[in-house]
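> Sharing a structure with you now.
None of the figures in this text is laboratory data; all of them are computed from the coordinates on show. Just so it is clear, the structure is predicted and the values come from calculations on it, not from any experiment. Cβ coordinates were reconstructed from backbone atoms using ideal geometry, including for glycine residues, and neighbour counts include every protein chain displayed.
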Amino acid sequence: MTRNITGQEMNGTLAEFGRQVRSVKAVVITIFNFFVTVAAAFACTYLGSQYVFAETAARVLSAVIVASVVGLAELYVMVRTLEGDLGKL
């Protein structure tokens, strides 16, 4: 009854499901990393700009500008990486 069962053999739908889960997991981690990076850039700029600007509006504006630049750079890197990954398929 258990003669032909091996733990190493993965084929069919279970193996495909495992590959899809790993792929989705990588995308979720990448998106989470993007938001954390942008939020950290905003926070660091907002807190660091208190020595340069006295007004809150100027601090928020500078933090939004830096967070936008960091977000665009992160998106550029993600698109280039995705483009490279799709080229390998």
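> Over the Cα atoms of the stretch 22-88, Rg to Rh with Kirkwood Rh, two decimal places?
Using Cα coordinates only, the ratio equals 1.16.
> Can you give the FRET efficiency to the nearest 0.05 for Ala15 and Glu83, using r as the Cβ-Cβ distance and R₀ = 35 Å? Kindly include the intermediate steps, with their values, before the conclusion.
Details: r = 27 Å, r/R0 = 0.77.
So, using R0 = 35 Å, E works out to roughly 0.85.
> Can you tell me the FRET efficiency between Val60 and Ser23 if r is taken as the Cβ-Cβ distance and R0 is 35 Å, rounded to the nearest 0.05?
Numbers: r = 37 Å, r/R0 = 1.07.
About 0.40, to the nearest 0.05.
> Arranged by the count of other C-beta atoms within 10 angstrom, fewest first, what order do Leu14, Leu61 take? Please list the in-between numbers first.
Details: Leu14 8, Leu61 13.
By the 10 Å Cβ count, ascending: Leu14, Leu61.
> Rounded to the nearest 0.05, what FRET efficiency do Tyr51 and Leu75 have when you use their Cβ-Cβ distance and R0 = 35 Å?
Numbers: r = 30 Å, r/R0 = 0.84.
After rounding, the FRET efficiency stands at 0.75.
> Could you sort 69-76, 42-49, 22-29 so that the peptide with the highest average Cβ count within 10 Å comes first and the rest follow in order?
Values: 69-76: 13.9, 42-49: 15.4, 22-29: 10.2.
Highest to lowest by the protection proxy: 42-49, 69-76, 22-29.
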